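Asker: Just passing along the structure, written as structure tokens.
The values are calculated or read from the model by the stated rules, or taken from the named source; none is laboratory data. Please read all numbers here as calculations on a predicted model, not as lab measurements. Positions of Cβ are generated from backbone atoms using ideal geometry, with glycine treated the same way; all protein chains shown enter the neighbour counts.
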Amino acid sequence: MGAKYPYNSDWQSEYQSMVEVAKTPYVREVFERDFSTYVLLAHSYHDGPWVSFRDGLTEADLTELENRFEALTRHLLETYDGTEKTFVLQNWEGDNLVQKDRDQPLSSDAADRFRRWLTARQTGVERARNQIDSDVTVLHAAEVNYVLDAKNSGTPRVINEVVPETDVDLVSYSAWELGDQLAGHGWAPGHNGEEQFDEAETIVTETLEYIDSNAPEADGYVAGSLTERQSNVYLGEFGSPFQQRGDERAMQIIRPVLENSLDWGVRWAIFWQLYCNEKTVEGTVEENNDVRGFYLIRPDGTRAPSYDYLSSVLERDEQY
């Protein structure tokens, strides 16, 4: 924790479990705030490096993983009972996590290892939920990030080779490739180097429909956290770098991705991010152009256009 969040804090050198981390004053203070939902990147230290399952998983590894997610779920259900909060435990971008080379299709061996890894996490969460009566909701999500080439050409990816073979509660989409395709930027499969903003509704809707078609059907527990028009698919990340692309261009990407996703029925849409953590300089950030510009608030303390825009969306959230 100290390596990722070193400032104004005093973390231990290491923690033996996710429950220990959840019990720290820093995490407890956040969980006690007046938020209804927390979407958490949850990786057990038992896994070692995030990509440890690339080399295989023993039955002992999987049992330990189940136990650790059961323990964390139990802690959340018991500690925050009475608050009606929702906690979502998810992995980081699954396709990036499971393979090093994005230009290669997902191998069957890698898909099998990742499926077993996700299943162990889901099993632990469900085991605790089945044992504890609580008004807290704890859900487990699989996050994917390469969807377009799976949809367009059937390329083996996590969304089509792993997710349909699991019983995860939710599917999170880290949707950077979606914005890239709309703007004709980057490597997004299927893009032709030209803007496709006029086709934004079709592109966003068809992509989410494809994810939904591969997602497990929501059971009663999951459905209880959704409205009638919401899917168990959500945007785990979306945004655009303001300093890199300019304010107008960035908002051209952010608006259609978010609004078409909300209209379609995503449960949540998580904007990346409050302050930008991607520097363009060595050393201390001193000016706005010292970061790429993934932010609501610029380094100089002023608000980016995303701030007022997302505030306006929240004010009219009844329509969603």
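Asker: Could you say which residue among 210, 173 is surrounded by 14 or more Cβ atoms within 10 Å (Cβ to Cβ), in a helix (DSSP H, G or I) and at pLDDT 95 or above? Give the steps one after another, and end with the answer.
Answerer: Details: 173 fails: in a helix (DSSP H, G or I).
Within the list 210, 173, the selection yields 210.
Asker: Does region 267-284 hold any residues that are out of contact with any helix residue (DSSP H, G or I) (no Cβ under 7 Å at 6 or more places or on another chain) and within 30 Å of residue 210 (Cα to Cα), and which are they?
Answerer: 267, 268, 270, 272, 273, 274
Asker: In this structure, is residue 141 of a type in the set (A, V, I, L, M, F, W, C) and without any contact (Cβ under 8 Å) to a residue 24 or more places away in the chain?
Answerer: The answer is no for residue 141.
Asker: Does residue 149 satisfy the condition of being free of Cβ contacts under 8 Å to residues at least 60 places away in the same chain, part of a helix (DSSP H, G or I) and not assigned by TED's automatic domain parsing to the domain that holds residue 249?
Answerer: Taking the combined requirement at face value, the residue satisfies it.
Asker: Buried (at least 23 other Cβ atoms within 10 Å of the Cβ) and either at pLDDT 95 or above or among the polar types (S, T, N, Q) (or both), is that true of residue 125?
Answerer: Values: buried (at least 23 other Cβ atoms within 10 Å of the Cβ): yes; either at pLDDT 95 or above or among the polar types (S, T, N, Q) (or both): yes.
When the stated conditions are applied, residue 125 passes them.
Asker: Within region 216-238, count every residue that is loosely packed, with under 12 Cβ neighbours inside 10 Å and at pLDDT 90 or above.
Answerer: 3
Asker: Confirm whether residue 281 is touching a Pro at 6+ places or on another chain (Cβ under 8 Å) and either in the same structural domain as residue 176 (by TED's automatic domain parsing) or small (Gly, Ala, Ser) (or both).
Answerer: Here the answer is no, as residue 281 does not meet what is asked.
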